[in-house]
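So the structure is just underneath, and the comments pick up after that.
Values in this text are rule-based calculations from the coordinates and carry no lab data. As the structure is a computational prediction, the values presented were derived from the model and not from experiment. Positions of Cβ are backbone-derived with ideal geometry, glycine not excepted, and every protein chain shown enters the neighbour counts.
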Amino acid sequence: MNSHDPRYSQFGLTRDMLAVPEIIRRFSPERMSDVAAAVRQVGRLLLTGEGSSRIFPSKSALAHARRMNWPLALHSEAGRQSQEYNLADWAVFALSNSGRTAEVIALFTKLRDAGHAHRYSLTAFADSRLESLATRGFVLECGPEGAVAATKSVVEQALFYRALLEAAATEPTMGSRLAGLASAVEQALTVAIDPQLIARIAKAGTIYWAGRNDGVAEELTLKTNEITRRPADFLEGTYAVHGVEEVMQADDVVLWVDPYPDSEQKFQDVLVKGVGMSVIAIASRDTMFPTIRIPDAGDLSNFVQMAAGWNVLVDVGLALGVNLDKPQRARKVGNEFVG
């Protein structure tokens, strides 16, 4: 993605993406310290929301917390299914850009009416319906999105959750690492991608995203639908070689985020040789596949991987001639509360 290319600067979507490094640099990880203390005391936290407001923010934070073995019971679930759970002994945190998402409003209304004491929210707008139902509400600092597809808000939401869990575990590290992360994300956003790879992806019947269950590949699957308007599917872990190859076609593409080194040969044998399709890696190291190289940001690398995926999808969208800001059917608020 070239910030000086007029093809990119004309879209609100790309302007939002290119604003992300500065959003990271000025992020304030201390502002949720009081809520972190309450979460630590409760010991259980449910992270809820819909679509992009849940996938990457919650799953990236949960994956890191599990790797660190932090002593918190953590779970992520969408708002509608969360209403079926007994959450009396849980703190509940909901994300919604608009603050008008019907599923989380229904959940928080139910919790409030039951006298639940630990309801927290993060929205893009102050004084929203969701914030009015929360014990404590926070507002994003990144401003409103310039397109239907959420990008910069997703990153700030994920930073917020990461900082919240670090503080709850009394292991805050993010503050000193934001500048380095911002630089790595900027590199991933602006790295030049081989036009032949972009052309190959643009011609794919289905664009598959493979990777860990940390929200990156899953969120990029959704962004593929919103940005390129092409069919896409998320293949968690090594699911790509556990049966789905039966319906894959030679013109399909798998974009593999941070491949497991000892699984590369299996992907090569089953997908490249067996199906005849292309596998393209996004990684901080060389792989046996065509690889989009990105900086290594350690345990913050998922933010860099997300930026690289956006870079790919914008180039594919432009190659396909779509208006990146205006999908034909997708809406700014997926399911808006009315009442």
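Points to keep in mind about this one:
- Report note on the peptides 277-284, 243-250: ranked by the mean count of other C-beta atoms within 10 Å, highest first, their order is 277-284, 243-250.
- Nearest 10 degrees, 0 to 90: helix 102-113 Cα axis against the chain principal axis: 20
- Helix axis angle, 178-190 relative to the chain longest principal axis, alpha carbon, degrees: 40
- C-alpha long axis of helix 55-68 to longest principal axis of the chain, angle in °: 80
- The packing ranking of peptides 229-236, 204-211, 307-314, highest mean first, is 307-314, 204-211, 229-236, where packing means the average number of other beta carbon atoms within 10 angstrom of each residue.
- Here the Karplus curve 6.51 cos²θ - 1.76 cosθ + 1.60, taken at θ = phi - 60°, turns the phi angles of the range 145-162 into couplings of 6, x, 8, 5, 6, 6, 9, 4, 5, 4, 5, 5, 4, 5, 4, 4, 5, 4 Hz, with x standing for Gly and Pro.
- Global geometry of the range 1-147, whether rounded, prolate or oblate, following the gyration tensor of its Cα atoms and the 1.5 cut on a/c: prolate
- Mean separation of Cα contacts under 8 Å, 6 or more apart, over the residue count of the range 6-182: relative contact order %: 31
- Calculated over the chain, the projected area of the Cα convex hull averaged across directions stands at 16.6 nm².
- Karplus-based coupling profile of the range 30-43, in residue order and whole Hz: 8, 6, 10, 4, 5, 5, 4, 5, 5, 4, 4, 5, 5, x, with θ = phi - 60° in 6.51 cos²θ - 1.76 cosθ + 1.60 and x standing for Gly or Pro.
- Per-residue ³J(HN,Hα) for the range 163-175, Karplus 6.51 cos²θ - 1.76 cosθ + 1.60, θ = phi - 60°, Hz, x for Gly and Pro: 5, 4, 6, 4, 5, 5, 8, 6, 10, x, 10, 5, x
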